[in-house]
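Contents: one structure, followed by commentary.
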Amino acid sequence: MSGTGQPVLEARGVVMRFGGLTALSGFDLTLHSGELVGLIGPNGAGKTTAFNALTGVYAPTEGDVEVAGRRVNGMRPHQICELGVARTFQNVRLFKELSAFDNVRIACHAGSRSGFTSAWMLTPTHDAEERRIAARAEEFLSVMELSPRRDELARNLPYGEQRRLEIARALATGPKVLCLDEPAAGMNASEKVALLELIRRVRDQFQLAILVIEHDMRLVMGVSERMLVLDHGVTIAQGAPEAVRQDPKVIEAYLGDGKLRLRPPREAGTGVP
Amino acid sequence: MERARLVLRSVAPFLVALPVLWFVQGSLASYTSFVAINIAVNVILAVSLNVVNGFTGQFSIGHAAFMAVGAYTAALVTTGLESLAIPGVPAAVSGQAVFLVALAVGMLAASVAGLVVGIPTLRLRGDYLAIVTLGFGEIIRVIIENTRVLGQATGISGLPACTNVVWAGMGVVLTVVMARRLLQSTQGRALLAIREDEVAAEAMGVDTVGWKVRAFVISAAFAGLAGALLVHKIQLVTPRMFTFVKSMEVVVMVVLGGMGSITGSIVAAAVLTIALETLQAADQYRMVIFSMLLIVLMLTRPSGLFGTREIWDVLPRWRRRRAPGEAP
Amino acid sequence: MTEFLQHVVNGVSLGTIYALIALGYTMVYGVLKLINFAHGDVYMVAAFSGFYIATGLGVRDDPTVGKAVAVFLGSMVVAGALGWAIERFAYRPLRNRPRLATLITAIGVSFLLEYGFQLPSLQAQGRSLEEVLRGWGWTVPGWFDALVTALPSTFPPGPTPRFFPEPFTRVDWTVLGGVHISNYDVVSFLVAFAFMLGLQWIVYRTRFGMAMRAVSFDPRVAGLMGIPVNRVISTTFVLGSVLAAVAALLVAGSRPRIDPIMGLMPGLKAFVAAVFGGIGNVPGAMLGGLVLGLAEEMVAGYTVSSFRDGIAFAILILVLLVRPEGLLGRVTVEKV
């Protein structure tokens, strides 16, 4: 269901440099509403850096990022979030000491213009807003199958549920684009399949464009329409999963040059065949 | 009808507090009411600092400076308008009206100071923020000591004795209601999100800088209120009242009570004020005992008496009687 | 021109003080990431222990090189021991707690030293204690008497300032047609510079320095790699405190007035100097101290002298806004 018309997220020639290190170079990405794109690549390929550049955590050194046709370079993350790009984090960053419900409610607040005064006066509009937020939060918790965990502190949730709570929280910001950074990390095979199924359902229900970073290439191929492969900050392949899988460059980057290695080539030094 | 109910709910704490305070005011001996006002001032300071340090997780140790701004501004208003008599109104009433204006202006001035300090500094984190707030505190003190209108080092004396138990008590109610309603609102949750994880909060659409500045401004405004109330009790304002030591006293109250716990701040402020007042007799030992207490408490209960919880979460017997999540 | 040069000399002399204290600050911060608020008070305690030793040896009437050495060594030992004790008993138990708890404890220790030193002397306290106890039919316990006799008769000194006897004779030179400079200024500067080089050598050229840097980077991992984390941190505190003692005595030579709160302002300003130079960076602390001293002196000299205390913080705020990593510090990117 690859969309046409104006892309919701577009990156053109994005470069990220930290001092002398180029973590990402010439990164191009066009994402349409309803698309599910997999961003894959070996460790340290620059996947998370790409996310950070897209969501405003870092300002790109070069290149442009546009959200729904608006240039967002140099905008703060919360502004980009308000324009409709939400994300999760590789190393789960929940509001640990708050309940699951509060975690989602905070995200529901995104874009709200109301200040402190209405809260102090307990105005009717404030009441209405609180009720609206609570209802929305309940909805997202239930979408991610977390309703029974509503009042549990985030830090007390099991790992898999923390990951799902992060997605619920990201959805609550009302995004057009959802960037998921290894949502299935640390899960076993069947949990992973269930999660990706859930992600696909969410995409259909909310008409989202989803960008997923995933380590497990086979897994992501099953659900995504399109894949993008990064290696050492460079996009080495892009396209339909089948084509990408057969791309010799991808095979080399991902699996090595076809020979069995016991350690990754970079750290291995010499000696190991 | 519905509208009336909402308005009533909004102002109910004040309607209840006013007659109670009036009654208490009449029945207190003068020394007791002096201590009570001291407690009230410290409760306002502690709860307001808790908005920044406890809710938002930003560590400010320059609260006394905002207190000073509020105190001096209010003092200028009351001394400047003292001779002002509104025709047809008894002097006592017009005096109270002037005081109300003075308090409001004091809060406003303190919040402006909070804004000026907050905008540049709140980009910093942790220890750096702490040291910069301390620095600003010192700068404000140096400025006061060099300003002739403010009486330089000797300050301003002969202020009208406007503050009584009713004023101070209403100040406390206002502060506590503000903090409580804030904590239970979506705006307050934005502050908590900043405390928990600034990067994640920002990514979830929380304008972290904006909310931090707002929290800082509010906190400063109430510190200004506390300062204004205090100096109109002791009828004197000098720069020495607002040193680093005073800021630390407030920090200690917040930390002792538990960062983020409103009732914790109230209890700690009351206990500490009474303790310091009792130790007044052994003046030389006062601060020594205070600092030893501080060290021992930090070593034994580093997250304060109540942590981030409120008193009814800590005392189990109370909890059983209350429905969970019910607002006081 | 002469006036300007005089301000430069005074500024460098003041800056040297800040630099010496800042070196200790920056080391402790570098390793523990803790603002050791009590550092300025270690400086104060060092000055007083120097004072007591000097008084005991009769330095005022008959200053000799041997006595000066004894004063220096004695107060360095006291300061080092105090630094060790503060870390061991006040900071270490809180090491895995939120940093805020440690910061508050640090402030508590600082207050305790400042106000503890303002108490009346133990002898006087003993007398009033005896009176109180006699009323109840008790006597003063023997260990208290023993303590009183073991310590100097004027300990604690109380709030009135004392005057430090010169550890070595002060010589004033007039150079460049009217600029005054004393041997204390020259010695202080040279000592500070030597310490800076020494510290830099320790941090980057010795095994201990390597351990320090490892602990600074990640204490947990450093511990797993077999580095004795506690010992490294203790040693760093002792080293920093000894530096504070040296600073205190050099300062006491040219500014002999000492009192229990003498450490507060220099301590805060030294911290500013350390941040200014790039906290954790040894040459940065030196540079920051000198710049701060010069700035203060210039402001005091050419504008209103009572603005002196504000300028340090104004500089701090400016630095943190424009270049938060300090003059010589390195930028750190937060990992997300």
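Read the figures in this text as sums done on the coordinates, not as results from a lab. This structure is a prediction, so every number in the text was calculated from the model and none was measured. Heads up, the Cβs are rebuilt from the backbone with ideal geometry, glycines too, and the neighbour counts pull from every protein chain shown.
Rounded to 0.05, the FRET efficiency of the B:Val101 and B:Ala161 pair, given R0 = 22 Å and the Cβ-Cβ distance, is 0.85. Each helix, a run of at least 4 DSSP H residues, gives -39500 (n - 2.57); summed and divided by the residues of chain C, these come to -23000 deg cm²/dmol at 222 nm. Please work out whether chain B counts as rounded, prolate or oblate from its C-alpha gyration tensor, where a ≥ b ≥ c are the square roots of the eigenvalues and a/c under 1.5 means rounded, while otherwise a/b larger than b/c means prolate and anything else oblate? Cα axes put chain B in the rounded bin. B:Val93 to A:Arg218: FRET efficiency via 1/(1 + (r/R0)^6), r the Cβ-Cβ distance, R0 60 Å, to the nearest 0.05? The pair B:Val93/A:Arg218 has a calculated efficiency of 0.15. In summary, the helical segments of chain C meeting the span-like criteria, namely a full DSSP H run, a Cα extent along the axis of 24 angstrom or more and a mean Kyte-Doolittle hydropathy of at least -1.0, are C:2-32, C:39-57, C:65-85, C:99-116, C:183-205, C:229-254, C:282-302. The distance from the alpha carbon centre of region B:41-113 to that of region C:10-50 is 38 Å, rounded to a whole number. Beta bridges per DSSP, both residues in chain A: antiparallel share near 55 percent.
Taking 7 Å steps out from each Cα toward its Cβ at C:Ser305 and B:Phe14 produces label points 5.1 nm apart.
Taking the square roots of five times each eigenvalue of the Cα gyration tensor of the protein assembly as shown, the equivalent ellipsoid has semi-axes of 52, 40, 26 Å, listed largest first. With angles folded into 0 to 90 degrees, how steeply does helix A:189-206 sit against the dominant principal axis of chain A? Use alpha carbons for both and round to 10. Taking Cα atoms only, the helix is inclined about 60 degrees. Label sites at C:Asn183 and C:Met210, each approximated as a point 7 angstrom past Cα along Cα to Cβ, lie 4.3 nm apart. Just checking the listed ones, B:Ile140, B:Ile289, B:Ile37: in the Gaussian network model of chain B with Cα springs under 10 Å, the one fluctuating most is B:Ile289.
Given the options A:Ser118, A:Ser142, A:Ser99, which has the most mean-square fluctuation in a GNM of chain A, springs set between C-alpha atoms less than 10 angstrom apart? Result for chain A, Cα springs under 10 Å: A:Ser118 fluctuates most. Note on the protein assembly as shown: antiparallel DSSP beta bridges, both residues inside, total approximately 65 percent of the bridges counted. A cut-off of 5 Å between modelled amide H atoms, ignoring neighbours fewer than 5 places along the same chain, links A:Leu9 with A:Leu31, A:Ala68. Applying a DSSP loop filter and a limit of 11 other Cβ atoms within 10 Å to the trypsin sites (Lys or Arg not before Pro) in region A:94-168 leaves A:Arg113.
Ranking B:Leu45, C:Tyr52, A:Val223 by Cα position along the charge dipole of the protein assembly as shown, where only Lys, Arg, Asp and Glu carry charges on their C-beta atoms, puts A:Val223 farthest toward the positive end. Were the residues from B:Phe34 through B:Glu2 laid out at 0.36 nm apart, the gain over their Cα-Cα distance would be 7.4 nm.
Its DSSP H runs of at least 4 residues, each contributing -39,500 (n - 2.57), put the calculated 222 nm mean residue ellipticity of chain A at -11500 deg cm²/dmol, to the nearest 500.
Candidate cross-link partners of C:Lys33 among the lysines, defined by an alpha-carbon separation under 27 Å and a same-chain spacing of 8 or more, comprise A:Lys96, B:Lys212, B:Lys246, C:Lys269, C:Lys335. For region A:40-84, the residues whose backbone nitrogen is under 11 Å from a point 7 Å from the Cα of A:Arg17, taken along Cα to Cβ, are A:61-62. Let's test the formula: R0 of 22 Å, r as the Cβ-Cβ distance of B:Tyr285 and C:Met265. What FRET efficiency results, to the nearest 0.05? Between B:Tyr285 and C:Met265 the formula returns 0.35.
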